[in-house]
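Beneath this line is the structure, given in structure tokens, with notes to follow.
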Amino acid sequence: MTQLKKNLLRGLAAMLAVVLCLTGAAVTGSIEPAAAEEEQEIVPSYPYTTVTKVKVNLRRSRSVNSELIYRIPAGMQITVTEKNGNWVHVEYGKYKGWLRGEYIVLKTVKKIRVTPTPTPIPTLTPEENAGGYIMLKKGMKGVEVRCLQEALAELGFLNSRFAADGNFGDATEKAVIALQQKNDYPDTGLVDANLQAFIYSGKPRNSKGNAQKVNTVSPAAGATIRRNNTGALVGELQQMLAGKGYYKGKITNIYDTATISAVKAFQKKNGLKADGLAGAETRKLLESGQGLGPNDETTPTPPPAPSATPAPAWVIPGAKVQNGSEGEDARNVQQRLQELGYYRGNIDGKFFRASVNALKSFQTNNGLKADGVAGKDTYAVLYSTAAIPFRVPDTEAPATAAPTPAPGSNQGSTVWTTLRKGMRGTDVKQLQENLIQLGYLGGKPDGVYGIQTMSAVRSFQKANRLTADGVAGAVTLKMLYGGNAKPAENQGETATPAPSSSSGSLRQGSTGTSVKSLQEKLIEQGYLTGKADGIFGRKTLAAVKAFQKANKLTVDGIAGNRTLQTLLNASKSTPAPAVTPKPTATPAPTLAPGGGDAIAGRPNASRVIYANWYTTVKDVCRKYPYATVYDYTTGISWQIHIFSLGAHADFEPVTANDTMRMRRAFGDETTWNPKPVWVIFADGSVYMASTHDTPHGTSHNQDNNFSGHACLHFPRTQEQVTAIGPYATSHQEAIDAGWAATRKMVY
């Protein structure tokens with residue numbers, strides 16, 4: 001090799017050494033391995049939250065050629081639900097799909113066994129504690145929705161506080177989505193417990209993007225009302241204080257200085273800490289109606305504070321539960337569905353049709369995909385305090401306390417819905433019925449809170465020493481339904497038992513000494529036979545009609561002022577003929593002599609009609625609200641008054657004797673189990689139905705020994721009952737079984 005070649009090789013070696021040094025490789029020629037990837041965080045299970053590294057495409061399936069759903073910006077928080085190869089399934093707000101794993105911060109899913117260190121539980125106020133709220137969504141109504149609407153209006157997402165009607169409709173949903181978008185929440189339109197806690201105790205951004213603490217009072221139980229708080233709940237507090245004589249101003253719905261002074265005076269008089277804060281203890285005593293007024297002498301003992309409810313201990317299944325599943329996981333899901341009122345079958349760990357239907361109903365009510373499969377999404381809601389329990393319109397089943405007035409219930413724990421001019425519905429109709437009974441309102445209840453209803457409410461409030469503003473709030477409703485309400489001046493019952501022109505109108509279903517005196521007068525003049533028992537039944541109704549007809553009065557069967565005055569004035573009234581004329585027979589069956597259980601003569605099974613509730617029977621109930629229920633298995637019958645027509649009929653036994661007969665038909669036990677029956681209306685028609693004998697919810701009749709009402713179900717399609725829920729399905733099954741038994745009696 002020439003010297004030139006040697007020098008050239010030495011130069012190349014030197015250059016190579018320099019390059020290797022600059023790249024970090026050893027001069028010996030060996031190269032270090034590439035640096036290891038960044039160590040991934042370990043999490044115990046899916047789903048987990050992470051962030052995107054760059055802007056990434058979210059696709060329908062695991063392919064770059066799949067449909068593009070959304071482009072997620074860099075640095076956004078996402079939820080990873082599963083991993084398949086290099087693809088991961090994620091959720092971003094309302095969007096769900098697949099993206100490549102290298103574009104996000106991945107975590108390693110690995111079960112970790114650690115001994116948990118006890119963490120001190122912070123003491124939260126009711127406003128901060130998400131456990132005090134239920135999930136709200138479109139279609140719901142009540143005080144929780146009304147408070148939400150007031151807060152949305154305060155934040156500028158609803159145009160006006162007049163939109164706070166307690167009904168979660170399109171406008172409310174739109175406002176919720178706007179709030180969620182402004183505050184970086186998934187814009188689902190669903191208001192879960194955490195979002196509500198943030199609204200009432202945090203500083204949500206308003207419609208202009210500014211963080212703001214709301215003054216609207218939280219609907220959470222035990223929430224404290226403080227200075228400058230606003231909303232209808234403050235107005236109801238003012239009404240209660242006014243009813244006790246502590247508050248003299250206008251109902252402003254603002255917790256101002258005058259209201260605080262009234263609260264302090266109430267607290268001081270009743271032995272509470274006079275701090276002017278309307279906390280749980282103060283509000284409970286006010287709502288109970290037991291607190292002392294300014295001029296009362298003795299100081300009552302404040303009601304004991306409610307004991308803390310222990311947090312539920314749930315066993316969350318480790319695998320999916322679906323149709324055909326059996327075992328402990330299926331049993332756990334059945335148990336939880338039963339706790340929430342969706343499942344009424346046996347807890348046997350066999351997840352078949354009834355269990356699947358119950359699960360679908362739960363998923364529908366809680367805004368989940370109603371596929372009847374219990375997986376991670378369903379478990380997240382099912383085993384949480386935000387799970388919405390079984391609710392059916394018109395109190396289908398004994399789920400939770402309805403937010404409407406519940407006469408006859410423990411009113412201290414009732415949440416009252418304020419009623420005012422312009423409102424409509426069954427709550428208004430119930431209000432009107434009671435005002436009519438007490439003589440403050442004429443005509444028939446139509447469920448529309450108009451000028452006449454408002455005027456009647458004002459008259460009632462004035463007569464009962466309440467603030468006469470025409471708004472039926474908590475204090476007014478408690479007085480109206482509490483049994484101590486003062487009737488209109490021309491409607492009150494006199495001290496003497498004999499009926500007089502100042503007595504209240506007596507009608508079918510009325511009971512008491514006034515009815516007994518009426519019967520004695522009718523017996524005396526020959527219109528009624530037997531003994532006066534104080535129960536205004538069919539025979540009394542026929543006698544009143546006969547008396548009215550003979551004396552040229554309006555023949556309506558109602559013993560009003562003119563009828564009673566004519567009956568009392570024996571010298572001017574026309575007595576019955578020597579042979580008492582047989583009253584015009586009503587097509588509905590009459591009770592057997594002696595007031596026995598059975599009606600006179602068994603209805604012919606061939607006359608029983610199987611007809612749809614919505615298309616046929618609902619109109620019959622509306623036309624003939626008084627009917628007879630006949631239990632064809634025992635021969636026992638009882639009379640009822642139907643007062644509400646929703647997804648089914650709500651009824652009350654007319655008298656205490658009717659309640660006794662109904663109980664006897666059910667074997668002297670109280671049960672929600674459906675019993676197939678026949679219902680006989682005043683036009684003689686007989687329809688297939690089913691019922692139960694458990695009193696619940698609204699009650700108008702205080703003398704029938706039935707503290708609430710019961711439900712009457714008529715045939716519906718499978719699609720209709722499935723949409724309502726499992727309890728409606730159980731009634732439909734009872735009706736179908738009863739119809740089969742009825743047809744066997746014919747053929």
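The values are calculated or read from the model by the stated rules, or taken from the named source; none is laboratory data. Computed from a predicted structure; not experimentally measured. All Cβ positions, glycine included, derive from the backbone under ideal geometry; neighbour counts span all protein chains shown. The area values use the complete protein model at the heavy-atom level, side chains included, leaving out ligands, DNA and RNA. Shrake-Rupley method; radii C 1.70, N 1.55, O 1.52, S 1.80 Å.
Packing, as the average of other Cβ atoms within 10 Å across residues, places the peptides 68-75, 708-715, 650-657 in the order 708-715, 650-657, 68-75, highest first.
Taking one quarter of the surface of the C-alpha convex hull of segment 134-267 gives a mean projected area of 8.0 nm².
Spin-label model, Y383 to S63: label points 7 Å out along the Cα-to-beta-carbon direction sit 3.7 nm apart. Taking 37 °C and 0.692 mPa s as conditions, segment 209-284 diffuses translationally at an estimated 262 µm²/s according to Stokes-Einstein applied to its Kirkwood radius (Cα pairs).
In this label model, R743 and D683 are separated by 2.5 nm, measuring between points 7 Å along each Cα→Cβ vector.
Between Q77 and Q335, what is the FRET efficiency for a Förster distance of 51 Å, r being their Cβ-Cβ separation, to the nearest 0.05? Calculated transfer efficiency: 0.90. Between K250 and R622, the distance separating the two model label sites (each 7 Å from Cα on the Cα→Cβ line) works out to 4.0 nm. Farthest toward the positive end of the dipole of segment 165-280, out of Q239, Y200, A262, is the Cα of A262, where the dipole comes from beta carbon charges about the Cα centre. Given a 1.4 Å probe and every protein chain left where it sits, what share in percent of the accessible area of segment 676-747 is carbon and sulfur? Taking all protein chains in place, segment 676-747 shows 52 percent carbon and sulfur surface. In this structure, the amide hydrogen of I636, modeled 1.01 Å from its nitrogen in the peptide plane, lies closer than 5 angstrom to those of D631, counting only residues at least 5 positions away or on a different chain. Residues whose amide H lies under 5 Å from that of V56, counting only those 5 or more places away or on a different chain, are I72; hydrogens are built 1.01 Å from N in the peptide plane.
Electrostatic tally near S66: other residues with Cβ closer than 12 Å to its Cβ, Lys and Arg +1, Asp and Glu -1, net +3.
Using the Cβ-Cβ distance between N295 and I451 with R0 = 41 Å, the FRET efficiency computed as 1/(1 + (r/R0)^6) comes to roughly 0.70. Potential lengthening of the chain between D184 and K552 amounts to 125.1 nm, from the contour at 0.36 nm per residue minus the alpha-carbon distance. Taking the average, over residues, of other Cβ atoms within 10 Å as the packing measure, peptides 320-333, 530-543, 97-110 rank 530-543, 320-333, 97-110 from highest down. In sequence order, segment 202-207 has phi-based couplings of x, 10, x, 6, 7, 5 Hz under the Karplus curve 6.51 cos²θ - 1.76 cosθ + 1.60, θ = phi - 60°, and Gly or Pro positions carry x. Overall dimensions of segment 606-670, expressed as equivalent-ellipsoid semi-axes from the Cα gyration tensor (√(5λ), whole Å, largest first), are 22, 15, 10. Ordering of 441-449, 510-518 by packing is 510-518, 441-449, highest average first (other Cβ atoms within 10 Å, averaged per residue). Straight-line reach from K250: taking Cα to Cα under 18 Å and skipping same-chain neighbours fewer than 8 places apart, the aspartates and glutamates in range are E236, D469.
Full-extension gain between K320 and D371, please, as 0.36 nm times their residue separation minus the C-alpha to C-alpha distance. Could the numbers behind the result be given before it?
On the way: separation 51, 0.36 × 51 = 18.36 nm, distance 1.21 nm.
Length gained, K320 through D371: 17.1 nm.
Ranking G189, L272, N229 by Cα position along the charge dipole of segment 185-282, where only Lys, Arg, Asp and Glu carry charges on their C-beta atoms, puts L272 farthest toward the positive end.
On full extension, the segment bounded by K174 and D736 gains 198.0 nm, given 0.36 nm per residue less the C-alpha separation. Working note: Debye formula, equal point scatterers on the alpha-carbon atoms of segment 650-747, no solvent; log10 I(q)/I(0) at q = 0.11, 0.22, 0.24 Å⁻¹ is -0.36, -1.22, -1.31.
Residue pairs exceeding 32 angstrom between C-alpha atoms, taken from K539/K744; K429/K462; K141/K273; K110/K174: K539/K744; K141/K273; K110/K174.
If R0 is 45 Å, the Cβ-Cβ spacing of E719 and R227 corresponds to a FRET efficiency of close to 0.25. What the phi angles of segment 420-431 give under the Karplus curve with 6.51, -1.76 and 1.60, with θ = phi - 60°, is a coupling list of 8, 3, x, 7, 9, x, 5, 5, 5, 4, 5, 4 Hz, glycine and proline written as x.
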